[in-house]
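Here's the structure we're looking at; comments come further down.
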Amino acid sequence: MIMHGFVTCYAFGVTTNQIMTDNQPRLLLRNAEEALLDERRDLTPEELSDLARLPSQYVAGLASLAHEVRVDRCGLEVEVEGILSAKTGGCTEDCSFCSQSAHYDSPVKATPFLDMDEVMAAAKETAAMGASKFCLVLAIKGPDQRILDRIIEAVGRVREEFDLQVAVSAGLLNDSQAALLAEAGVHCYNHNIETARSYFPNIVSSHTWEDRVETCRRVKSHGMELCSGVLLGMGESDEQRIEMILQLRDLQPHDVPINFLNPRPGTPLGIRDKIPAWEAIRWIATFRLGLPDVILRYAGGREVTLRELQAMGITSGINALIVGNYLTTMGRDPKEDIAMLQDMAMPVGVIESAI
Amino acid sequence: MSKQSRQPDDTSDSLGDAHSGNARPDNAHSGNARQSYGTESGYCPGCGRPVAECNGCLPEFDPPRFCPQCGKRMTVKVAPTAVYAVCKVHGELR
């Protein structure tokens with residue numbers, strides 16, 4: 001009998017690791033397919049955990065199933081978004097991965113809120129790339145009234161001049177701030193959970209995971225779409241990645257960006273290795289199988305992590321992309337992404353989440 | 001890890017005359033990650049050290065952060081399809 005790897009066996013409430021026999025990976029994939037496409041039920045944490053541990057040679061099968069689930073639940077359309085760091089660096093928070101934190105000796109120099117002309121020029125670039133969404137991002141703990149006023153002004157101007165959904169990412173919000181942004185026409189608010197609740201204190205000490213979730217819930221309560229994702233590769237365990245999926249399930253975001261750690265010089269995580277490309281594919285697929293209805297978005301770090309496998313990510317559960325440059329790093333030429341989607345016969349469009 | 005190297009929201013080294021902050025200049029960097037910086041100049045655009053000590057630590061998808069002429073940290077704005085890097089002394093990096 002061929003022994004492939006370990007599978008978690010949950011029997012009588014006891015979890016043990018057992019060697020995965022030769023037909024178990026196929027059985028696990030078949031059961032997951034039946035659950036998601038026929039029974040139309042969510043996978044249990046145990047099922048997800050087992051799928052995430054499939055031997056390497058079954059990752060392509062896992063990806064294939066994730067793609068089938070994505071097309072079944074969300075269609076073939078891919079959503080394209082452009083982002084702009086409207087206020088860079090000098091952030092009071094100590095997120096260990098972030099080159100914009102004032103706590104670390106990073107090469108990124110703080111710049112104030114961009115002029116409105118610069119914001120509008122970026123929105124124009126975004127529209128020209130074929131994107132349907134434009135996200136204004138600010139490196140702050142949360143907005144004060146002055147910054148909130150400027151965001152609201154920018155949102156209004158962009159909405160007036162371009163056919164773009166406008167998203168904002170400006171840190172923690174209180175209830176009245178969330179209400180004001182919703183009223184201003186902010187379509188979507190980004191606030192990532194970043195990592196699992198159990199791992200968050202290893203990454204950030206200046207605010208809590210619960211603070212983040214509170215803002216996420218406020219966003220939804222005021223009718224904005226919630227965009228909340230993760231950053232993989234910060235040292236979290238496989239179990240903690242499953243934990244993230246379950247916590248996101250609970251939060252029910254519309255859009256889940258998957259970032260891969262691109263180690264930044266000067267930050268505490270600057271010396272970590274990047275996630276291997278094949279592992280990234282495994283986890284994109286696992287996130288899709290765990291969150292079948294969400295918009296699962298390629299975000300920061302995909303170029304340096306996936307390299308030649310970027311197209312494969314699109315057939316592993318991804319159905320949205322941030323194109324062009326990121327906040328402090330560059331992306332590949334947007335034309336390459338558009339050509340990739342054309343080659344894969346995937347139309348660029350706006351996706352209505354099933355959630 | 002060095003901490004508190006500067007104050008939060010320290011933006012005192014704001015853009016100089018080379019960039020008015022109004023309309024985007026036509027000579028902005030393309031934002032293409034394959035552009036090379038500093039290979040023939042005095043300082044590494046990735047870490048600001050003299051090229052004799054470092055010439056090539058700028059990762060492929062990172063914009064230049066230090067002036068290739070003087071090694072000072074530059075103000076860098078990353079737009080969706082372009083990058084603008086301005087040295088307080090030498091102006092916009094071309």
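Numerical summary
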| quantity | calculated |
| --- | --- |
| Other-chain or far-sequence residues with amide H under 5 Å of A:CYS135's (modelled H) | A:GLY82, A:ILE83, A:LEU84, A:ALA167 |
| Relative contact order (%) - criterion: Cα under 8 Å, at least six apart; region: chain A | 21 |
| Under the Karplus curve 6.51 cos²θ - 1.76 cosθ + 1.60, θ = phi - 60°, whole-Hz ³J(HN,Hα) for the stretch B:74-80, x wherever Gly or Pro sits | 9, 7, 10, 10, 10, 9, x |
| Kirkwood Rh, Cα atoms: Rg over Rh of the stretch A:20-117 | 1.23 |
| Percentage, to the nearest whole number, of Cα pairs in the protein assembly as shown over 37 Å apart | 24 |
| Antiparallel bridges, percent of DSSP beta bridges restricted to the stretch A:79-343 (to nearest 5) | 5 |
| Within the stretch A:162-318: Cβ-based charge dipole about Cα centre, in debye rounded to nearest 20 (Lys, Arg +1; Asp, Glu -1) | 280 |
| Amide proton proximity set for A:LEU296, modelled H, under 5 Å, gap of 5+ | A:VAL256, A:ASN319, A:ALA320 |
| Net charge contributed by nearby residues that have their C-beta within less than 11 Å of A:PRO263 (K/R +1, D/E -1) | +2 |
| Dimensionless Rg ratio for the stretch A:79-343, taking C-alpha atoms and the 2.2 N^0.38 Å reference | 0.93 |
| Å³ per residue enclosed by the Cα convex hull of the stretch A:77-213 | 122 |
| Derived scalar couplings ³J(HN,Hα) [the stretch A:80-93; Karplus, 6.51 cos²θ - 1.76 cosθ + 1.60; whole Hz; x for Gly, Pro] | 10, 9, x, 10, 9, 7, 7, 8, 10, x, x, 6, 6, 7 |
| Quotient of Cα Rg and 2.2 N^0.38 Å for the stretch A:284-324, N being how many residues it contains | 1.09 |
| Cβ-placed point charges (K, R +1; D, E -1), dipole of the protein assembly as shown about Cα centre in debye, nearest 20 | 940 |
| Crossing angle, helix A:145-161 versus chain A [Cα axis fit, 0-90 degrees, rounded to tens] | 80 |
| Helix A:116-128 axis, angle to chain A major axis (alpha carbon atoms, nearest 10°) | 40 |
| Distant-in-sequence amide H partners of A:VAL348 (H built 1.01 Å from N, under 5 Å) | A:VAL78 |
| Set A:LYS274/B:LYS77; A:LYS87/A:LYS335; A:LYS220/B:LYS77; A:LYS109/A:LYS141; A:LYS124/B:LYS77; A:LYS133/A:LYS274 screened for pairs whose C-alpha atoms are more than 20 Å apart | A:LYS274/B:LYS77; A:LYS87/A:LYS335; A:LYS220/B:LYS77; A:LYS133/A:LYS274 |
| Directionally averaged projected area (convex hull, Cα atoms, the stretch A:238-349), nm² | 7.5 |
| Hz values of 3J(HN,Hα) by residue in the stretch A:299-310 - Karplus curve (6.51, -1.76, 1.60), Gly and Pro given as x | 10, x, x, 5, 4, 7, 8, 8, 6, 6, 9, 4 |
| Footprinting exposure proxy for A:HIS207, A:HIS254, A:HIS191 (fewest neighbouring C-beta atoms within 10 Å first) | A:HIS207, A:HIS254, A:HIS191 |
| Alpha carbon Rg of the stretch A:167-266, scaled by the compact-globule rule 2.2 N^0.38 Å | 1.08 |
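No lab work stands behind these numbers, since they all come straight from the coordinates. This one's a predicted model, so the numbers in the text were calculated from it and none came from an experiment. Counting neighbours? That spans all protein chains shown, and the Cβs are built from the backbone with ideal geometry, glycine included.
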